[in-house]
Amino acid sequence: MNDLTIGLLSALLATNQPQAVSNLVQQHTGVSLPIVDVNDPAEQGLRNLMIGDDATMDEVNDWINTNNIARTNTVAIAELNQRIHARFDVMKHGYESFLRNHPDSARGFLAYGSFLNDIGDEDGAKVQYENSKQLDPKNPAVWNQLANYFGEHGELTNA
């Protein structure tokens, strides 16, 4: 048996399996895998926010898909838009509150930026991506999101 196989078997038996695998990968490749502590209250709060974010997007999509009247009725369109914006505002306030309490959460800024991008606020998303990049400059997801933004809105050298 080679060292990698023994290491993987040891990781399976470890009490902290993700960390054991991360350590093993780093030993054999030199690449560090970031591990999220799922028991950290901040991570639990962020996870709940992200679940709420997904539920919000699903709810709004359902409203749009099932509201046939609003497609022809100007008043109904305005009411639906108001309802959608109010629902999005709840999530915005949730993210903003989380980030006030956890200003060092690079993943929080990235998630908020993704939410803002999903609702069409691309410039607001860029600000959050930049905040995330400041906190975790080695996170490839942040660089990917910024490249997408600059590919559409900036000079190509920034993408």
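The values are calculated or read from the model by the stated rules, or taken from the named source; none is laboratory data. Since we're looking at a predicted model, the values are computed, not measured. Reconstructed Cβ throughout: ideal geometry from the backbone, glycine too, with neighbour counts over all protein chains shown.
List of remarks:
- Members of the stretch 107-147 found to be polar (S, T, N, Q), surrounded by 14 or more Cβ atoms within 10 Å (Cβ to Cβ) and over 18 Å from Met57 (Cβ atoms), listed by number: Asn131, Ser132, Asn139
- The stretch 74-91, subset surrounded by fewer than 10 Cβ atoms within 10 Å (Cβ to Cβ) and of a type in the set (A, V, I, L, M, F, W, C), residue farthest from the chain's Cα centre (by Cα): Val75
- Ser97 of a type in the set (Ser, Thr, Tyr), touching a helix residue (DSSP H, G or I) at 6+ places or on another chain (Cβ under 8 Å) and within 15 Å of Leu46 (Cα to Cα): no
- Exactly one residue among Lys133, Lys92 is at pLDDT 95 or above, within 18 Å of Leu146 (Cβ to Cβ) and among the charged types (D, E, K, R), and that residue is Lys133.
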